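Okay, structure first, notes after.
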Amino acid sequence: MSDAAAAGTFALGDRLVNRLGYGAMQLAGPGVFGPPADKDAAIAVLRDAVKHGINHIDTSDFYGPHITNQLIREALHPYPDDLVIVTKVGALRGPSGSVHPAMGREQLIQAVHDNLRNLGVEALDVVNLRSMLRDDGPAEGSLEEPLSVMADLQRQGLIRHVGLSNVTEAQVTQGRSICEIVCVQNLYNLADRSDASLVQRLALDNIAYVAYFPLGGITPLQSATLLGVARHLGATPIQVALAWLLQHAPNILPIPGTSSLAHLRENLAAAVLSLPASAVKELDVVQHSL
Ligand SMILES: NC(=O)c1ccc[n+]([C@@H]2O[C@H](COP(=O)([O-])OP(=O)(O)OC[C@H]3O[C@@H](n4cnc5c(N)ncnc54)[C@H](OP(=O)(O)O)[C@@H]3O)[C@@H](O)[C@H]2O)c1
């Protein structure tokens, strides 16, 4: 069994993926803008991820922009049959890297075509409609217009499956009334479980909850409890944080990001790490003490 397969599988639409995925955002240059300092290293990380059973890669054409998708294409095209590439639309980059909402009809159509071209495919496996965040998380508001555009693009055969990102429970409910939603990608980790009820609700309907920032993202996880549990199990804190997510709910698909081959291997090892009940109990209260 490959490393990532040890985490078990979950359905993304009509495709089964290994639950431990990979987020490609870190492969672009600093600030997710421009090319990476070491292109060969970025390509090596992508190839190693797939070699070790990762078959769910998260990306976007606004990473770089365009660069991350072009790296994925150069490293992995023609793609293995079991690989599911999930991209996202809804934002554009300014000339110096700023991120702006881009949810208009023409902008979404353009973004889908940019993804198709840069990934080198005729149809995108999964496309998340990604809303902009406010400081305190996802912002309420109707997604009817942009999601209807996504549904049109799906009917045209350019998108196989539709997902949502940076959304509230109300937006998930609204979205599901417009088209089938196969995944919700929001921020979730040991320290931030604002979405706990959404995770459970989606689990009941067998919808994937894709956890971004599983390692804390721009605020790396830091906790004495996490360190203690890791030391006791002979694992690293990052492996424990990923294993906790995998055990937390069956529909959670973590997508840790890294530009480092050594970190990738460390993260993959979380797929085989089984946390005893006593460790889970300790970790379950971490968010209150951070
Ligand atoms: N939908 C959205 O709005 C949204 C927002 C943010 C991210 N995402 C997606 O979620 C994915 C994950 O988010 P993320 O990459 O920002 O955050 P993350 O996975 O929580 O953490 C990544 C950070 O941790 C470091 N790291 C990774 N493995 C490590 C290890 N074993 N030891 C030490 N450091 C390690 C990485 O640096 P190194 O490169 O040095 O390893 C990077 O700085 C992204 O790649 C992207 O695909 C989506």
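The values are calculated or read from the model by the stated rules, or taken from the named source; none is laboratory data. Given the structure is predicted, the values throughout are model-derived calculations rather than measurements. Glycine also receives a Cβ, built like all others from the backbone with ideal geometry; neighbour counts cover every protein chain displayed.
Take the residues in segment 1-15 that are in a loop (DSSP other than H, G, I, E, B) and within 24 Å of L275 (Cβ to Cβ), then tell me which one is farthest from the ligand (Cβ to nearest atom). Explain how you work it out, then say what you get.
Filtering segment 1-15 for residues in a loop (DSSP other than H, G, I, E, B) gives 1-3, 8, 13-14.
Cutting the leftovers down to within 24 Å of L275 (Cβ to Cβ) gives us 1-3, 8.
On the way: M1: 21, S2: 18, D3: 14, G8: 20 Å.
In this case the residue turns out to be M1.
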**OP:** Please work out which one of (1) in contact with a helix residue (DSSP H, G or I) (Cβ under 6 Å, 6 or more places away or on another chain); (2) surrounded by 18 or more Cβ atoms within 10 Å (Cβ to Cβ); (3) under 28 Å from R47 (Cβ atoms) is the condition G97 fails and give its number.
**Re:** (2)
**OP:** Select from segment 16-48 the residues that are among the charged types (D, E, K, R) and part of a helix (DSSP H, G or I) and list them in ascending order.
**Re:** K39, D40, R47, D48
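Specify which of the listed residues (R160, R201) is basic (K, R), at pLDDT 95 or above and out of contact with any strand residue (DSSP E or B) (no Cβ under 8 Å at 6 or more places or on another chain). So that I can check it myself, show each step before the final result.
Numbers: R160 fails: out of contact with any strand residue (DSSP E or B) (no Cβ under 8 Å at 6 or more places or on another chain).
So the residue among R160, R201 that is basic (K, R), at pLDDT 95 or above and out of contact with any strand residue (DSSP E or B) (no Cβ under 8 Å at 6 or more places or on another chain) is R201.
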Subject >> Candidates D81, D61, D48 - the one that is among the acidic types (D, E) and under 19 Å from V127 (Cβ atoms) >> reply: D61
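Condition check ((1) part of a helix (DSSP H, G or I); (2) within 20 Å of Q185 (Cβ to Cβ); (3) more than 9 Å from the ligand (Cβ to nearest atom); (4) among the hydroxyl-bearing types (S, T, Y)) across all residues:
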| position | (1), (2), (3), (4) |
| --- | --- |
| P250 | no, yes, yes, no |
| L268 | yes, no, yes, no |
| L275 | no, no, yes, no |
| A279 | yes, no, yes, no |
Original post:
Which ones in segment 16-27 are more than 10 Å from the ligand (Cβ to nearest atom) and surrounded by 19 or more Cβ atoms within 10 Å (Cβ to Cβ)?
Top reply: V17, N18, R19, L20
Subject >> Sole exception among (1) in contact with a Phe, Trp or Tyr (Cβ under 9 Å, 6 or more places away or on another chain); (2) small (G, A, S); (3) in a helix (DSSP H, G or I) for A211, by number >> reply: (3)
Original post:
If only one of S148, S197 is among the polar types (S, T, N, Q) and more than 21 Å from the chain's Cα centre (by Cα), which one is it?
Top reply: S148
Subject >> Whichever residue in segment 61-89 is within 15 Å of the chain's Cα centre (by Cα) and part of a loop (DSSP other than H, G, I, E, B) and, among such residues, is farthest from the ligand (Cβ to nearest atom) >> reply: L83
**OP:** Kindly establish whether V182 is more than 11 Å from the ligand (Cβ to nearest atom), closer than 23 Å to I85 by Cα and either more than 19 Å from the chain's Cα centre (by Cα) or without any contact (Cβ under 8 Å) to a residue 24 or more places away in the chain (or both).
**Re:** no
Original post:
Can you tell me which residues in segment 226-248 are within 12 Å of the ligand (Cβ to nearest atom) and either part of a loop (DSSP other than H, G, I, E, B) or modelled with pLDDT under 95 (or both)?
Top reply: A235, T236
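When you scan segment 105-133, how many residues do you find that are of a type in the set (V, I, T) and more than 16 Å from the ligand (Cβ to nearest atom)?
Residues that pass the stated criteria total 3.
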Original post:
Which number in (1) crowded, with 17+ Cβ neighbours inside 10 Å; (2) closer than 30 Å to V272 by Cβ marks the one condition that F62 misses?
Top reply: (2)
Original post:
When segment 253-266 is examined, which residues are found to be near the ligand (Cβ under 9 Å from one of its atoms) and not charged (D, E, K, R)?
Top reply: P254, I255, P256, G257, T258, S259, S260, A262, H263, L264
